[in-house]
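The values are calculated or read from the model by the stated rules, or taken from the named source; none is laboratory data. Every value quoted in this text rests on a predicted model; they were computed, and no experiment measured them. Cβ atoms come from the backbone with ideal geometry, glycine included; neighbour counts cover every protein chain shown. Accessible surface areas use protein heavy atoms only, side chains included; no ligands, DNA or RNA. Shrake-Rupley method; radii C 1.70, N 1.55, O 1.52, S 1.80 Å.
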Amino acid sequence: MTVAKPRPGLELGVAHFSSIALPPKEFAVIAARAGFASIGLRLHPAFPGAPFYELPVGSQSAQEFKAIADGEGIKVFDIEFFVIDESFVAASHEATVAAAANIGARRLSVCGDDRDGDRLATNLSEFCALAARYGMSVDIENMGWRTVRTFGDSVAVVNSCGAENAGALVDGIHFFRNGASIDELRGNAGKVKHVQLCDVRGPAPKTTDAMIAEARSGRLAPGEGELPLKDLWAATEYGAAISVEVPLVGPVDPEAHLKHLHDSALGILKPDH
């Protein structure tokens, strides 16, 4: 299907977390039919017990997924989600990285949760080196309950690790809820390779549990809350990828949910006339 593009060449994507109950094949089909050009997939658990899917290299599931995605004309953009904590060993994730490359993914998404800053930077660098061998890059996302809490923390780790294929992932809720400003983003726009749109209302939560609850079940579609998402997008460089991440909550039809997210995002991204 033909989808209006807010900027020439922009591929609007959607994160798997937006409908994580859908296995990759079903997610690819429904996302494509909602109008998205690319998807993220969760091939590694974000936390113990979190849902994820496996598409090992050479497996029937990977072959079937690639055939369906190709048939729907949808690409895989990024693979989630790796936590770089004190026990992280980059080499232990090579099978997942290989699986990501096999289905055409271009980037890997991580967060940082190690209080030893030098070790964190080293582990990110080693993960970037692993990703580079498979032709991919790595983006680190700040979260209020992690050690890498602010956007500034993300930029600092990217700078410290020294890897050319390291970048920062700006998620609307984590960016604004943890004190970042549009001016700060403008000053570091070259580091931002991926922007995730979502919205929210009301005061920022203060406790870890409240932050997690809001991130996992309190997000709104772009434009339905109070975040200055148009300014956020305008402050990033032209080459940054753009996707939507708003988890489906309650008895909502996944197809209707993803279509609503697509149309809401276009409302943010279309140029003002």
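Observations
- Each DSSP beta bridge with both residues in segment 12-269 is either parallel or antiparallel, and the antiparallel ones are about 5%.
- Nonlocal amide H pairs with Phe82, under 5 Å, H built at 1.01 Å: Ser109, Val110, Cys111
- For Lys75, the residues whose amide H sits under 5 Å from its own are Ser38, Ile39, ignoring neighbours fewer than 5 places away on the same chain, with H placed 1.01 Å from N.
- The packing ranking, built from the mean of other Cβ atoms within 10 Å per residue, places the peptides 215-226, 157-168 in the order 157-168, 215-226, highest first.
- Mean separation of Cα contacts under 8 Å, 6 or more apart, over the residue count of segment 12-269: relative contact order %: 19
- Gain upon complete extension [Ala256, Ala21; 0.36 nm per residue less C-alpha separation]: 83.1 nm
- Glu86-Ala50 FRET efficiency (beta carbon distance; Förster radius 25 Å; 0.05 resolution): 0.85
- Annotation for Ile212 and Ala189: the two label points, set 7 Å from Cα along the Cα-Cβ direction, are 3.6 nm apart.
- Mean accessible surface per residue for segment 1-113, computed with a 1.4 Å probe while every protein chain stays in place, in Å²: 41
- When both segment 177-206 and segment 138-174 are represented by their alpha-carbon centers, they are found 11 Å apart.
- Within a Gaussian network of the chain (alpha carbon springs, distance under 10 Å), most fluctuating of Phe27, Phe82, Phe47: Phe47
- Rolling a 1.4 angstrom probe over segment 12-269 with all protein chains present gives an accessible area of which 51% lies on carbon and sulfur atoms.
- Between Asp263 and Arg119, the FRET efficiency estimated from the beta carbon spacing at R0 = 51 angstrom works out to 0.70.
- Other-chain or far-sequence residues with amide H under 5 Å of Ile242's (modelled H): Glu11, Gly13, Val195
- With a Cα cut-off of under 27 Å and a minimum spacing of 8 residues unless on different chains, the lysine pairs in segment 121-272 number 9.
- Largest mean-square fluctuation among Ala15, Ala180, Ala131, in a Gaussian network model of the chain whose springs join Cα atoms under 10 Å apart, belongs to Ala180.
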